[in-house]
1. Show me the ranking of peptides 283-292, 270-279 by mean Cβ neighbours inside 10 Å, starting with the highest.
2. How much net charge surrounds Pro96 when only other residues with a Cβ under 13 Å from its Cβ are counted (Lys, Arg +1; Asp, Glu -1)?
3. Could you give the accessible area per residue of region 291-330, probe 1.4 Å, as a whole number in Å²?
4. Taking only the Cα atoms of region 187-333, how large is their convex hull per residue, in Å³?
5. For region 85-229, I need the span (max minus min coordinate) of the C-alpha atoms along each principal axis, in Å, sorted largest to smallest.
6. By average Cβ neighbour count within 10 Å, what is the ranking of 72-79, 336-343, 107-114 from highest down?
7. Which whole-number value in Å² is the accessible area per residue of region 52-117, probe 1.4 Å?
8. Jot down the per residue volume, in cubic angstrom and as a whole number, of the convex hull over the alpha-carbon atoms of region 212-278.
Amino acid sequence: MSTASVVSGLSRLRGRAPGVLLALTALATAAAIAEPAAKAPTSRAAAPVDCPGRWDDSLYPPWQHGANNDAVDRGLEFTVPEADVLADFHGDPAEPLLVLYVGGNYFFAMAPLVQTFETRHPQYRGRLYWETIPPGLLVRQIRAGGRVTVGNMTWTVKPDVYLAGLEAVKTQIAAGLLAEPAVPYVTNTLTIMVPRDNPAHVAGLADLGKAGIRLAMPDPEFEGVARQIRASLEKAGGAALVEAVYGTKVRDGTTRLTRIHHRQTPLWLMQCRAEAGVTWRSEAVFQEQIGHPIAHVDIPEADNSVGVYAGALVRGAAHVKAAREWFDFIRSPGLAIFERYGFKPYVGATH
């Protein structure tokens, strides 16, 4: 119904039933608001009407439906996708027997890893607590005494183990935050994550510098993977490509920086807020495995970067024996679980 037709009806009904007049007045207001939106020109940057992220709650994290919650007694179950979710904090923080601060790049592997570990070490069943936020933020939390605030909730759980990239682990050993040795266990490579139909037709890293392609990219301030991504961009297109992706496009808004890319990048792609983003390959594999409308574009070996995952004891850890058992586990039986998502065993010498 157009604004004109509603106004015409109003003029004919003046002096008649006030209820009818009130209803038509409301319709006229609604029509006046709706018409400009219907006639507004569409642009490439506008999300399509049928973008699934606008209506399908299953696209919002957490994506494992409670499988990665180690608590045996869960009490009241209260998770509201998009509104009340703690996707990267797992288990019961009260009196855990092992606390893991895990760089978020393999949050999806933690549920089967913990379940298998507890099968082998039943004394820890239901008593692990772990976090999967970016490594740089985990360091800040360690320096804050294990205290963290999410929304309106603040709690404290001091870590026993810090797990991140090998260089990040070595840096924190040198800083005195962690104890030697660094323990490497698996490697990973980068990929370009895209929506399943790849609407921007991204074929490689060089395409990410194009002005019209909207990107979700990890913020170097928070996420260690940005270092490897910058190195790969430079291999593929030199300093000019790095500047285009992390300079020009950040300033003009076509690169949006994430604070927690393993959650934000796939979500923004599914919400049509971005058309590509560089992530670890395992993260794209996971999204594809669970049936989300996500795909990936391989990066050639010559342009790619390899990440080595490692861990170390946090100085002053309360559960040293359990921590050492965890390291033994992820370097041997746990490797088969990592390989489900495309990780490869680390074959170099222990540092």
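1. Averaged packing, sorted descending, gives the order 270-279, 283-292.
2. My count for the surroundings of Pro96 gives -3.
3. Working: 1750 Å² over 40 residues.
Per residue, region 291-330 has an accessible area of 44 Å².
4. Output value, Cα hull per residue: 131 Å³.
5. 52, 36, 34
6. Highest-to-lowest ranking by the protection proxy: 107-114, 336-343, 72-79.
7. Here the residues of region 52-117 average 47 Å² of exposed surface.
8. 76
The values are calculated or read from the model by the stated rules, or taken from the named source; none is laboratory data. Quick caveat, the model's predicted, so the values are computed rather than measured. Every residue, glycine as well, gets a Cβ built from its backbone with ideal geometry; the counts of neighbours run over all protein chains shown. Areas reflect the complete protein model, heavy atoms only, side chains present, ligands, DNA and RNA absent. Shrake-Rupley method; radii C 1.70, N 1.55, O 1.52, S 1.80 Å.
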